[in-house]
Amino acid sequence: MPGDADPLLDVRDLRTWFFTDAGVVRAVDGVSFTLSRGETLGIVGESGSGKSVAAKSIMNLLEEPARIVAGSIRFRGREITALPEEELRDIRGAEIAMVFQDPMTSLNPVLRISRQLVETMTAHRRFTAPAARTRAASLLGRMGIAAPERVLDAWPHQFSGGMRQRVMLAMGFANEPSLILADEPTTALDVTIQAQILDLLRALNADLGTAVILISHDLGVIATICSRVLVMYAGEVVEEGRPQDLLSDPRHPYTWALLHAAPRLDEAVAGDRRLATIEGQPPDARAWPEGCRFRARCPFAIEACARHPALLAVDAGRLARCWVTQAGARLASPQPRAATAAARPAAAPSPLLHVQGLVKHYELPRENFLEPRRVLRAVEGVDIDVFAGETVGLVGESGSGKSTLARLVMRLEEPTAGRIVFDGQDISHATQAAIRPLRRRIQMIFQDPYASLNPRMTVGEILAGPLRLHALADTAAEARTRVGALLDLVGLPPAAAARFPHEFSGGQRQRISIARALAVEPDFVVGDEPISALDVNIQAQIINLMIGLQERLRLTYLFIAHDLAVVRHISDRIVVLYLGRVMETAKSAELFRRPLHPYTASLISAVPTLDAARARSRIVLAGEIPSAIDPPSGCPFRTRCPAAAPRCAAEMPPLAELAPGHRVACHFPGSVAAADRDRSRRSEVSA
Amino acid sequence: MLRYITSRLLVAAAMVLLATLIVFLIANTVPGDPVLTQLGDVAANNPAIVEAYRHKWGLDLPIWDRYWIFLRGLAHGDLGLSISSQRPVIDDIAQYAPATVELSTVAFLLSLIFGLPLGVLAAMKRDSWIDHLARAVSLIGVSSPTFWLAFIMLAVFYGWLGWAPGPGQIGADQFPPPDVTGFMLIDAPLAGQWDTFWDAIAHLALPAIVLAASTMGLITRTTRAAMLEALSQDYIRVARAKGLLRRAIMLGHALPNALLPVITLGGLAYAQLLTGTVLTETIFSWPGLGRYTFQSAVFLDFPAIMGVTLVVAVVYVFVNLLVDVSYAMLDPRVMRR
């Protein structure tokens, strides 16, 4: 038996390749690390960096055409790569368990929760079926599910995303494994639910001593849990160390780039809101470049980078794969550029978009003939003004009515009540024919750059379509010229016009979506989570693009996002929605400095912070957003509010202006203070 | 669940009522005068005979009165008299339906028993010899015309090899068992006539295989595609990560999901088998509803056509009800979305 001194997991020079028809994709190409018992290790990197494949390799959960071609994975002294399938099966789910990204699709929809939990335990013959059932209930309770005995026999679709991820965690911990692999376990969840799940994971690690490997694209998420982090790029580890060290003093230019590309809540927004980005894209995994794989994009590259660097110690407990830092150099933070752009124009006296008392109810289909109709109250009386040239951010959890509001403003849906006035024209109930001339001025950018571009049309056709529709280009030649100019505007080469959407990466596709929206020269653009599906660096590029376009074309943005740091970064004003109502609205800086509504305060507080000490003092909002079919009486937030009083159940507080431009719908504004408050003050002083 | 079934039953009842109306209207608006067909040239030229004939069969009443009479009759199980056989249509149907139900049910079971496992195996061992075999079998089954397959089967297994008996439901040397349920395979053992039973099975084999061929092909293909779809889902990867046995993953996790499209197809296929046996029954001299339908159509025997069409409609509604209920039992999301 291996002694306690041995690491739990020892991965040496792991190479997992995909043997595809298009060539050998070297997804994981030389990864080494060790993990001690009970340790928490984070793996961060962008899509395609190989982090998920590395995790799957650890329990040899690979599918054709992926294969481990070299290297060793020793788990508790046993060589995983050499184990036959039966012995692997004994390890999977028993000694190593895995929690996946999407809890909505990870549970089998036609099997009861109890069955899926119980089989996890009985499959490894540690429990009899009745014992497993009892344990399943207690596990669910441990994972924070109320009345576990009652919901044990529920079906997966009856659970929300957060509850399902708790079930997945219960499954993961069912056999008391010594290692849990969590692959982006909170990426599909709201920030409030993410905070709950991360708290739970940290507590489980502390209580049960289970080692955790947490894979995420978000360094903030990793910093809340992990004591050590690996940064992966192009199939290999480029940096390793404690999260706080990496965050304050990155020793690999890629880590440096990741850090500066993401807007942070604990840093003041500079005058020029553009983020630091790195050019280009990760290299092709079928042919890694000679030398350092990051060299082509690296702003610090030197001559030595033509040779492939090794992962070497650069400080106590820190490793980096970089010639520059191994030689002792530091990577300087980028200097925030001064506000070069012309001062943003003063807001016009009358709003470009005026929304008043907007209501949208959906009549749901009857479940069957015998049931009464139910009504989903998606938007329940919203007032918003958007002035020309400004950016208004819309935030709230899923189910708060953000997207419905966007579709109403676009008049893709007709409101049940209330008014939508665009540039003086009431379009609340205008016919599609009457709105059509306005469509040219109001455009939308969608979340999914994969689903929102027609795969059978070339980019040129996609962009020329709206031009012809609105008679902005009379001839084909004219349309071509305009398409070329549009592509240039969003930073794509003219040759892109002849290609099809599938030939582009996610970031490039979102540029195409933006070009399509801008084709008809709108002055108002609605972005429904336009950057949520993108990697951090690409997000930064798109944010920069949107900011630049706004300055050049005087665009007005209504920007929906669930990432608060991004919203704060890009928006002038922010509207916080909850169950179809405005909870708070204020200037962006003011809202984050002094959130007056308990909901705003807890949303801000739930954002994973890069500062581990602060993470422990945050307000974790209990429970989940109630159903819009049967919302609570009075203030809809009262069921989760730390400051709720009997009065909150009786009457809905009005949206009152407590300071110029700062409106709050709360009977007790300011009663819940965010821990972040002093921090933003501090960073403001330093800025 | 009970509430769901009640609601589906109400829908089914409404569908049947609608079917009666449509059946009645179609039968009364098709071109072609039953009087002329039935009476023959001489009688048809005599207005008195024609008038008396029309009066006897109620053809001189307004159409809604006739529909009401039709509905009232239906409530008492009265489908009217067949013009050509001069017997109550309900009796005709009761006589011919069991043979058809027997034939198509056996054919349906055959196609399920072979198609389902073949489809599952083909998906489990993708691109192996069994997958290719399944592909070939289903392709041949789906693309062979029924009448062609029927003749070939008869020629080979009856004419040439002599393994199978000839056309008909039982051999000439057998006596039909006393009519209890109307189903040969049930009545024969009830009467203790085991020879007749085995003879009936032998007679059933060829037409059942012919009928089953295309349905089995469809079921195999659909099962394979549905299994592959299910196997690509995230929850299968989760099941693998739990360390479940491959068999448990396939049969416990993938199959229940893959069955959903198969049930939809199976319901349609069974209804089609029940009502689409005309060719097979004619070739195999099978005393079933298919042949009865064919003959009624030739003679423009409206009461018989309406009766048979109504039976077909009820069969479809009933099979759909079964599909809906079994769908709900397999997929909990159906009842509460």
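Each value in this text was obtained by applying a stated rule to the coordinates, not by laboratory testing. Since the model is a prediction, treat every value here as computed from it, not as a measurement. Every residue, glycine as well, gets a Cβ built from its backbone with ideal geometry; the counts of neighbours run over all protein chains shown.
Observations
- Sparse-neighbour loop sites [trypsin sites (Lys or Arg not before Pro); the range A:399-480; at most 11 other C-beta within 10 Å; DSSP]: A:Arg456
- For the range A:384-472, fraction of C-alpha pairs farther apart than 20 Å, in %: 48 percent
- Net charge dipole, the protein assembly as shown: roughly 2560 debye, given to the nearest 20, about the Cα centre with Cβ charges of +1 for Lys and Arg and -1 for Asp and Glu.
- Cα pair distances in chain B, grouped into 20 Å bins until the bin that holds the longest one, percent each: 25, 49, 23, 3, 0
- For chain A, the equivalent ellipsoid derived from the Cα gyration tensor has semi-axes of 41, 33, 25 Å, listed largest first.
- Each part reduced to its alpha carbon centroid, the range A:243-296 and the range B:280-306 end up 78 Å apart.
- Of all stretches in chain A that contain no GluC sites (Glu not before Pro) in a DSSP loop with at most 14 other Cβ atoms within 10 Å, the longest one is A:291-650.
- Structural descriptor for chain B: relative contact order 27 percent, calculated from alpha carbon pairs under 8 angstrom and at least 6 residues apart.
- Look at where the Cα atoms of the range A:370-389 and of the range B:117-160 average out, and the two centres are 57 Å apart.
- Relative contact order for the range A:520-664, counting Cα pairs under 8 Å that sit 6 or more residues apart, in percent: 18 percent
- Sites B:Phe294 and B:Ser128 - FRET efficiency at Förster radius 56 Å, r taken between beta-carbons, to 0.05: 0.80
- Over the range A:460-545, the hull volume per residue, using the convex hull of the C-alpha atoms, is 93 Å³.
- With each label modelled as a point 7 angstrom along the Cα→C-beta vector, the B:Thr105-A:Tyr362 pair spans 4.4 nm.
- When the range B:193-271 is reduced to its Cα atoms, the Kirkwood hydrodynamic radius in Å: 14.9 Å
- DSSP assigns beta bridges within the protein assembly as shown; of those with both partners inside it, close to 60 percent run antiparallel.
- Those residues of the range A:542-580 whose amide nitrogen sits under 16 Å from the label point placed on A:Ser403, 7 Å along Cα→Cβ: A:559-563, A:579-580
- When the convex hull of its Cα atoms is projected in every direction, mean area for the range B:94-295 (nm²): 13.3 nm²
- Straight-distance crosslink candidates among lysines, where the alpha carbon sits under 20 Å from A:Lys587 and sequence neighbours closer than 8 are dropped: A:Lys402
- Secondary-structure-derived ellipticity at 222 nm for chain B, considering helices only, amounts to -24000 deg cm²/dmol, per-run term -39500 (n - 2.57) for DSSP H runs with n ≥ 4.
- Remark: the range A:353-574 projects, on average over all directions, an area of 13.5 nm² (convex hull of Cα atoms).
- Normalised by the number of residues in chain A, the mean separation of alpha-carbon contacts (under 8 Å, six or more apart) gives a relative contact order of 13 percent.
- Pair A:Arg499, A:Ala656: separation of 7 Å Cα→Cβ label points (nm): 5.7 nm
- Over all orientations, the range A:1-129 has a Cα convex hull whose mean projected area works out to 10.0 square nanometres.
- Residue of B:Thr264, B:Thr215, B:Thr181 that the Gaussian network model of chain B assigns the largest fluctuation, springs spanning Cα pairs under 10 Å: B:Thr181
- Under a Gaussian network description of chain B, with springs only between Cα atoms under 10 Å, the residue in B:Leu39, B:Leu139, B:Leu321 that fluctuates furthest is B:Leu39.
- Proximal lysines relative to A:Lys51, as straight alpha-carbon distance under 26 Å, when same-chain residues fewer than 8 apart are discounted: B:Lys242
- Per residue, the Cα convex hull of the range A:251-326 amounts to 121 Å³.
- Rounded FRET efficiency, nearest 0.05, which uses the C-beta distance separating B:Ile63 from B:Val180 and R0 of 30 Å: 0.15
- Sorted by Cβ density within 10 Å, fewest first, the residues B:Ile5, A:Ile420: B:Ile5, A:Ile420
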